[in-house]
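Participant: Handing you this structure, nothing more for now.
The values are calculated or read from the model by the stated rules, or taken from the named source; none is laboratory data. These numbers come from a predicted model, not from an experiment. Positions of Cβ are backbone-derived with ideal geometry, glycine not excepted, and every protein chain shown enters the neighbour counts.
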Amino acid sequence: MTPYGAEHIAVLGVTVVLAVVLVIAARRIRGTVHEDRLLRAAGWIMLTVTVVWTLWGMMPGQWNIDQSLPFQFSDAMRFLTAIALLTRAGWAIAICCFWGLTLNLQSVITPDLNYFDYPVAEFAAYWFLHIAALIVPIVFVWGLGYRPTWRGYCVAYAAAIAWALVAICANALTGANYAYLSHAPEGPSVLDVLGPWPVYILWELVIVAVVWALMTWPWAMRGAREAGLLPDTLQHAVEVDRWATVRRLSPPRPVDAALGSRGSSVPPPHSPGAVRPQ
């Protein structure tokens, strides 16, 4: 696929429209029984497509040592996105948000897509999975009110380093270039401005740490500000998991909204991973 050709521009346009529509829809179902049902359905769809696509790449007619093994960051991200949708586990949402909004973005802005035997299927699978990995964290943050914390930042960064080490080992054993840790992509990419290998890997570590910190800071500051302005906010805050990697404020109750209050309500008991406030 030619970057910024007609196909690419069309896909980017569809991505923007989908993101806006799904954020609006998520805000409307937030805190209702439909939220859990729809997120679970989306999670099963994501998991099914991910598993089918992974197995398809390992079929004899599709096998390619450089691409078929699931050691790209996007490969791990697809499974983690499905887990986040199905369970709302805090660690999965945190990784989904940081990886999906940054690492995955490179594959959307500068796609490295080569067609083999079935161009239509390969085009559809590539873009479905990458767009989903981008839109899901957008919906989690701006549609459903999840906010990664500094602990979530640390978990996501540690997971990225751990997966990079896995990919480096896979590259050493296979001679492949998973996660682009052996050399930069053949086509144009953002790595081109970061210098030669392995210098660009060091720059990636620094840039990712800084960018993710800048992403986390306003979320953390906003949570502290809301807690200071509304003493009862903490009573309604939801710690998605015991490690507080993601924090979420419940939507306003109808009576509060009618009175113009910014109060929050306790999430419904069906919310997966919800912990009763202390």
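Participant: For the condition outside any loop (DSSP other than H, G, I, E, B), more than 25 Å from the chain's Cα centre (by Cα) and modelled with pLDDT of 75 or more, what is the one hit in 213, 257, 172, 179?
Facilitator: On inspection, the qualifying residue turns out to be 172.
Participant: Just one of 125, 160 is closer than 22 Å to residue 4 by Cβ and assigned to a helix (DSSP H, G or I); which is it?
Facilitator: Answer to the check: 125.
Participant: Further, regarding this structure: Among 146, 180, which is of a type in the set (Ser, Thr, Tyr) and in contact with a Lys or Arg (Cβ under 8 Å, 6 or more places away or on another chain)?
Facilitator: 146
Participant: In the range 184-205, which residues are in a loop (DSSP other than H, G, I, E, B) and at pLDDT below 85?
Facilitator: 184, 185, 186, 187, 188, 189
Participant: Only one of 84, 26, 89 is under 18 Å from residue 248 (Cα atoms), touching a helix residue (DSSP H, G or I) at 6+ places or on another chain (Cβ under 7 Å), buried (at least 17 other Cβ atoms within 10 Å of the Cβ) and without any contact (Cβ under 8 Å) to a residue 60 or more places away in the chain; which?
Facilitator: Matching residue, one of 84, 26, 89: 84.
Participant: For the range 30-73, give me the residue count where each residue is exposed (fewer than 13 other Cβ atoms within 10 Å of the Cβ), of a type in the set (Gly, Ala, Ser) and without any contact (Cβ under 8 Å) to a residue 40 or more places away in the chain.
Facilitator: 1
Participant: Separate question: Among the residues of the range 14-62, write down those that are more than 23 Å from residue 144 (Cα to Cα), assigned to a helix (DSSP H, G or I) and not β-branched (Val, Ile, Thr).
Facilitator: Within the range 14-62, 53, 55, 56, 57 meet the criteria.
Participant: Say we look at the range 128-157 and pick out the residues that are part of a helix (DSSP H, G or I) and of a type in the set (Gly, Ala, Ser); which of these is nearest to the chain's Cα centre (by Cα)?
Facilitator: Only one residue fits best here, namely 133.
Participant: Name the one entry in 54, 87, 81, 110 that is among the β-branched types (Val, Ile, Thr) and within 10 Å of the chain's Cα centre (by Cα).
Facilitator: 81
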